[in-house]
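Computed from the coordinates by the stated procedures, all read-outs in this text should not be read as laboratory data. This structure is a prediction, so every number in the text was calculated from the model and none was measured. Neighbour counts are summed over all protein chains in view; Cβ atoms, including those assigned to glycine, are modelled from backbone coordinates with ideal geometry.
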Amino acid sequence: MYGLIAKMTLFPGKREEVIVLLAESSANMPGCFSYVIANDAADENILWVTEVWESRASHAASLTLRAVQAAIPRVKPLVAKFERVAETEPVAGLPFEP
């Protein structure tokens, strides 16, 4: 299992647009068990993305998918800063069906 937690600091007023783009592009990604987009509780310009993948390779492969490739140039100009906060090795959770 491979997990990733990312923090996206957005330009003001772009949160809903980024949520839509991420949600659309993350549908039907082979090897992805969970892709959660969450608003930061204290800052309206921060989104958290928490991902659980079958493997690091399946995550890397997702970056070549047509939907993901189409979303990247649309999302990039809306993001002031992107941080990979942590890479993890998921071991349990709900729902969790490896």
note = For the chain the mean separation of alpha carbon contacts under 8 Å (6+ apart) over residue count, i.e. relative contact order in percent, is 46
remark   = A correct Karplus calculation of ³J(HN,Hα) over the range 64-78, with 6.51 cos²θ - 1.76 cosθ + 1.60, θ = phi - 60°, whole Hz and x for Gly and Pro, returns 9, 5, 4, 5, 5, 4, 6, 6, 3, x, 7, 7, 3, x, 9
note = Of the residues 49, 12, 77, the Cα lying farthest along the dipole of the chain towards its positive end, which is defined by charges on the beta carbon of Lys, Arg, Asp and Glu, belongs to 77
remark   = In whole angstrom, the spacing between the Cα centers of the range 48-81 and the range 2-17 equals 11
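With +1 assigned to the C-beta of every Lys and Arg and -1 to the C-beta of every Asp and Glu, and no other charges, what is the dipole magnitude of the range 2-88 about the Cα centre in debye, to the nearest 20? Don't skip to the answer; put the middle values down first.
Values: 9 positive and 10 negative charges, 63 e Å.
Around 300 debye, computed over the range 2-88.
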query = What order do you get for 64-77, 45-58, 28-41 when each peptide is scored by the mean count of other beta carbon atoms within 10 Å, highest first?
reply = 45-58, 28-41, 64-77
task = Starting with the fewest neighbours, write out 81, 7, 14 ranked by other beta-carbon atoms found within 10 Å of each beta-carbon.
result = 81, 7, 14
query = What list of ³J(HN,Hα) values in whole Hz, one per residue of the range 2-16 in order, does the Karplus curve 6.51 cos²θ - 1.76 cosθ + 1.60 (θ = phi - 60°) give from phi, with Gly and Pro shown as x?
reply = 9, x, 9, 10, 10, 10, 10, 9, 9, 5, x, x, 9, 4, 4
request  = Scan [x] 13.9; [y] 13.3; [z] 14.9 for the value of Kirkwood radius over Cα pairs in Å calculated from this model and give just the label.
outcome  = [x]
request  = Please list, in chain and number order, the residues 5+ apart from residue 80 or on another chain whose amide H is under 5 Å from its amide H, with Hs placed from the backbone.
outcome  = 9, 10, 11
